[in-house]
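Chemist: Let me give you the structure first, and then I'll get to my questions.
The values are calculated or read from the model by the stated rules, or taken from the named source; none is laboratory data. Keep in mind that what you see is a predicted model, and the values were worked out from it rather than measured. All Cβ positions, glycine included, derive from the backbone under ideal geometry; neighbour counts span all protein chains shown. The accessibility values were calculated without ligands, DNA or RNA, using every heavy atom of the protein model including side chains. Shrake-Rupley method; radii C 1.70, N 1.55, O 1.52, S 1.80 Å.
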Amino acid sequence: GSGIDALVKAIAPEAGLHHLLAWRFLFGGLIALSVFRAQKRPMPSGSAIRFHTMRGLIQLACAFTFFFALMHLPLALATIIGFTAALMVPFVARLLLREPITPVALLATVIGFVGAILAVMGRPQGGEASELWLLGTVSCFAAAFLYALGLVLLRMRATHEDATTIAMFTNVVPAIALLPITFGLFGTP
């Protein structure tokens, strides 16, 4: 994961964020669809397809916001903020699944967010900082929230579909949504 994040940070400014996302999901979608077909998995029901389509679009928004953050934040800071997704899961699970939040989880979350805030306060000065540092920071927290939301949604369906089906939708839905970019309608990669 860290290697991929570093690769995105290095390539995205030259390649363009939209092209990077389109190609990432195209290849991810082809691989996941190939595994899905090779395992002869049955197509899920219509309601499951609608659910996974929504989750796939959330995954796309998560990748977009995180890759944008990687372009404008130091890699270590983006990683720290990205890990706040785990801190958000109990609250998203409380909203969607009505799961209680234990006092220990609440205390750990507060401590974790204080650490993330301290990291954000250490903004680089001078030439290191992107002009879009603040927007990158907001984008990274949005990515963390979307990732937490995706995890909780995944848990809601994990007893209904297998991992192969879930992975297929997670990659194919964004790939389809990004086909106009893949085919060059928004510039040549």
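Chemist: In segment 154-189, what count of residues is obtained for those that are in contact with a helix residue (DSSP H, G or I) (Cβ under 9 Å, 6 or more places away or on another chain), free of Cβ contacts under 8 Å to residues at least 40 places away in the same chain and under 23 Å from residue 88 (Cα atoms)?
Modeler: 1
Chemist: Taking residue 41 as the residue in question, decide whether it is touching an Asp or Glu at 6+ places or on another chain (Cβ under 8 Å) and either modelled with pLDDT of 90 or more or of a type in the set (Lys, Arg) (or both). Give the steps one after another, and end with the answer.
Modeler: Numbers: touching an Asp or Glu at 6+ places or on another chain (Cβ under 8 Å): yes; either modelled with pLDDT of 90 or more or of a type in the set (Lys, Arg) (or both): yes.
Spelling it out, residue 41 is indeed touching an Asp or Glu at 6+ places or on another chain (Cβ under 8 Å) and either modelled with pLDDT of 90 or more or of a type in the set (Lys, Arg) (or both).
Chemist: If you don't mind, there's one more thing I want to ask. Could you give me the residue pairs with C-beta distances under 7 Å whose first residue belongs to segment 130-153 and is among the aromatic types (Phe, Trp, Tyr), whose second residue is in a helix (DSSP H, G or I) and buried (at least 19 other Cβ atoms within 10 Å of the Cβ) wherever it lies, and which are 6+ apart or on separate chains?
Modeler: Here the result reads 133/72; 141/81; 141/84; 145/88; 147/62; 147/85, each pair linking segment 130-153 to a residue that is in a helix (DSSP H, G or I) and buried (at least 19 other Cβ atoms within 10 Å of the Cβ).
Chemist: Can you tell me which condition residue 16 does not meet? The list is (1) at negative phi; (2) surrounded by 15 or more Cβ atoms within 10 Å (Cβ to Cβ), and all the others hold.
Modeler: If we test residue 16 against (1) at negative phi; (2) surrounded by 15 or more Cβ atoms within 10 Å (Cβ to Cβ), just (1) comes out false.
Chemist: Still on this model: Suppose the filter is more than 24 Å from residue 148 (Cα to Cα) and loosely packed, with under 15 Cβ neighbours inside 10 Å; does residue 7 pass it?
Modeler: no
Chemist: Any idea which residue in segment 1-21 is modelled with the lowest pLDDT, counting only those that are in contact with a Gly (Cβ under 9 Å, 6 or more places away or on another chain) and part of a helix (DSSP H, G or I)?
Modeler: So the residue we want is 5.
Chemist: Go through the residues of segment 160-172 one by one and say whether even a single one is over 19 Å from residue 36 (Cβ atoms), out of contact with any Asp or Glu (no Cβ under 9 Å at 6 or more places or on another chain) and open to solvent by 50 Å² or more (accessible area, probe 1.4 Å). Break it down stepwise before answering.
Modeler: Residues of segment 160-172 that are over 19 Å from residue 36 (Cβ atoms), as a first pass: none.
So far as segment 160-172 goes, no, none of its residues is over 19 Å from residue 36 (Cβ atoms), out of contact with any Asp or Glu (no Cβ under 9 Å at 6 or more places or on another chain) and open to solvent by 50 Å² or more (accessible area, probe 1.4 Å).
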